[in-house]
Structures are given as structure tokens and as C-alpha cells.
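This report refers to the structure that appears directly beneath it.
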Amino acid sequence: MAPAENGNTRLNGHDDPPSNTRHPTGVRVTAAILGLACLILGPAGYLNALSAGPGAGEWYTLGFGASVGLPLLAAAITTVAGDRRAALWALALLAWPLLYIPAVHLLAPA
């Protein structure tokens, strides 16, 4: 049966999943850079927000944007590239604020 007859629109005509034709190493390096920025900028923004006092909305925004936005961006990039494992690792970074925020409050002097 030809690919057009059974509804298969893949160009290779096979039923196997298409391979990742984009550069998987570059995609993973990009996701790793975004993940590292998330791990550093999230707590840094939150610590600056705590030390700045009541008018520290921009620091909270930086901390939240880095902690949540960068993993979502990394997950989107890796999903489009077809790298599911890297996308899952990027989404796992969404738990990072749940770890560092209590740690900051427990370790910070009162």
C-alpha cells in the first residue's frame, strides 16, 4: 500500500517515527544554558527581592520569570526539536522554586 493510500503523509513512506533531523546536541546545549540560568537567576532574583524590602516587585518578577519562564522556554525549544527527554528535564526544573524558596526562608536570619 502506498503512503498516500493509507493516509500516511510521511515523506520516507515508513511507519517508524521520524528521526530528529535538527541538531540534537545544539538543542540540548541550549536547554542546558537556559536551565543553568534558571538555577542561578531564580534564587538571585528572589534573594534580591527579600533584601530590597516592600518595593521589590521587579526583583520578584525577575526571580519568577527566570524560575518559571526559562524552563518553559527550554521545554518549548526541545519539544519543537523532537527531544522528549530534554523537554521532560526542562519541565522538571519547574519544581526548582518549590525547593529554593523554603530553603531561603529557613536559612535566612530573622
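The values are calculated or read from the model by the stated rules, or taken from the named source; none is laboratory data. Just so you know, these numbers come straight off a predicted model, no measurement behind them. Don't worry about glycine lacking a Cβ; one is built from the backbone with ideal geometry, like all the others, and counts go over all protein chains shown.
Taking the condition of being of a type in the set (Gly, Ala, Ser) and over 21 Å from Pro109 (Cβ atoms), how many residues in the range 43-92 meet it? Residues flagged as of a type in the set (Gly, Ala, Ser) and over 21 Å from Pro109 (Cβ atoms) within the range 43-92 amount to 15. Evaluating Asn8 against the criteria (1) modelled with pLDDT of 90 or more; (2) loosely packed, with under 15 Cβ neighbours inside 10 Å leaves one unmet condition, (1).
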